[in-house]
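What follows is a short report on a single structure.
The values are calculated or read from the model by the stated rules, or taken from the named source; none is laboratory data. Owing to the predicted nature of the structure, the values given are computational and were not obtained by experimental measurement. Here Cβ is always computed from backbone atoms with ideal geometry, including for glycine, and neighbour counts include all displayed protein chains. Side chains are part of the model used for accessible areas, which takes the heavy atoms of the whole protein and leaves out ligands, DNA and RNA. Shrake-Rupley method; radii C 1.70, N 1.55, O 1.52, S 1.80 Å.
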Amino acid sequence: MSVLLETSLGDITIDLLVDDAPRCSENFLKLCKLKYYNFSPVHSVQPNFSFQTGDPIGPGSQDSDGGRSIWGLLDPANPGKKNFVPELKHNLKHAEMGTVSMATAPNPDNPDERFAGSQFIITLGPNIDFLDGKAAIFGTVVEGFDALEKINTAYVNDKGQPLKDIRILHTVVLDDPYDDPAGLVEPPESPVPSAAQLATVRVAYDENLEEENDPEALEKIRREREARAQALTLEMVGDLPFAEVAPPENVLFVCKLNPVTQDEDLELIFSRFGKIISCEVIRDKRTGDSLQYAFIEYSNQKECEQAYFKMDGVLIDDHRIHVDFSQSVSKIADDWRDLTNKKRRRAAGGFGGIDNLEKKTQYRGKRGREIVSDSVVNNLVVDRDPAPESKPRDDRDKRRDGAQRRERREEYHDDRYKRDRSRSPRRDRRDRDDGRYGPKRQERSRSPRRRDDRKDRSRDRHRRDDRDRRR
């Protein structure tokens, strides 16, 4: 129960769900057997959603009737058989890419009922819930997903119509479990497209869209595309103000100069063609040596062109120079960048929109640093002016500093200084002479004789202890 669809973008194999959708499967199989879908266009392409086909002529033609079912095709006199009622199973969902379902339309007499003819839908993405209950599922794609990807990425207009035709070329029934209805006769070979079908062709599927096959023209196109891509890259990194910038037409590029050729010499030689605005020999920044090329800017383009035609290949200082139009836009970019930055600073009112932030920095160089407490940004490190350098110190200043250090050291190690520091305020009030705190307390004297008596008593005590141990 399979069908092979040969399309202009590749083959697609469909397995039919004959148990879940027997009527839809039979209709699709018999239409394929009659070669009814041959040359049918793919339309209503919605990327990552679905595409629709099955109308032999196409929806945009006046000769199209929208397609007929196999029963309406075998009995065209009976208009009631043009469409049929498909099986809409709630358990069948458009959950996978490649789900095949019959396109349906509501019955004008009964809104709860839907009709189907010959057109069918194939999904181009998973979980297409919008089609559940509106399209009758009857098969799945098992081979040919590369063809589905090509359809998914094809160029289409706003109506989903491919700019280059995508068509079903042949249909092959691989397995058919149904009996043929009365009147069905399988054609011996695929029929040729009708005049109505050929009238709907916009750009044929086998038409070559290459307009230019000349190698030189193709190389020119390739170089132009590469130049545009490089210009866009330079614009993104900031080397160009904009990608479409063009070099000035009044500037000449002169190369192969003699290293001894000076700016004045070159300007004097080229000034006979017109007024020169600037003439500069490019030199090394470190050594100042000539790099043997220069830029000459004229006041107008006509004078620049005359100099180009006359001076190319001329011998100057024993060197045959080469002259060409300048392709450099660095000067334009610098002018544009300076002007833009100036406008930005003027509009913002200073760095970050605050004028006083221009004087502040978070980096410390050779100068000192301090913390500005009243700054807009708390604890912002700013630069301060370095302290003035001190004069050389003579021997007299050094001796004075040494004497002061010794005086402070002696004062600190004085016992009286220590006692003065250890006295409490209460003891100071008690020792005053005003008499408010009673008679002044007498300080205890420490005589040397008293200390000696204390040592003698201690010595006698140890002697008695020794005599007692001997006994």
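The largest accessible area among 65, 132 belongs to the first residue in 65, 132, and the rest follow in falling order (1.4 Å probe, all chains). Using a 1.4 angstrom probe on heavy atoms only, work out the carbon and sulfur share of the accessible area of the range 173-291 in %. Roughly 52 percent of what the probe reaches on the range 173-291 is carbon or sulfur.
Over all other residues within a Cβ to Cβ distance under 13 Å of residue 161, the charged ones net out to +1, with Lys and Arg as +1 and Asp and Glu as -1. Sorting 205, 36 on solvent-accessible area from highest to lowest, probe radius 1.4 Å, gives 205, 36.
Pairs from the table (275/310; 35/82; 35/81; 30/82; 220/331) lying more than 26 angstrom apart at Cα are 220/331.
Computed from the C-beta positions of residue 246 and residue 145, the FRET efficiency with R₀ = 51 Å rounds to 0.60.
Expressed in nm to one decimal, what extension gain is obtained for the pair residue 172 and residue 327 from 0.36 nm per residue of sequence separation less their Cα-Cα distance?
This chain segment gains 49.6 nm when fully extended.
Within the assembled protein chains, the solvent-accessible surface assigned to residue 97 is about 50 Å², based on a 1.4 Å probe.
Under a 5 Å amide H cut-off, with hydrogens placed 1.01 Å from N, residue 100 pairs with 138, 139, 140, 141 among residues at least 5 apart or on other chains. Protein-only accessible surface at a 1.4 angstrom probe places the residues 254, 329, 260 in the order 260, 329, 254, largest first.
Extension gain for the segment residue 105 to residue 220, taken as residue separation times 0.36 nm less the Cα-Cα distance, is 36.1 nm to one decimal. Between residue 265 and residue 2, the modelled labels are 8.5 nm apart [label points 7 Å from Cα along Cα→Cβ].
Neighbours of residue 35 by Cβ distance under 12 Å: Lys/Arg scored +1, Asp/Glu scored -1, total -1. Using a probe of 1.4 Å, the accessible surface attributed to residue 200 totals some 40 Å² when neighbouring protein chains are kept in position. With the whole protein complex present, residue 194 retains an accessible surface near 50 Å², based on a 1.4 Å probe.
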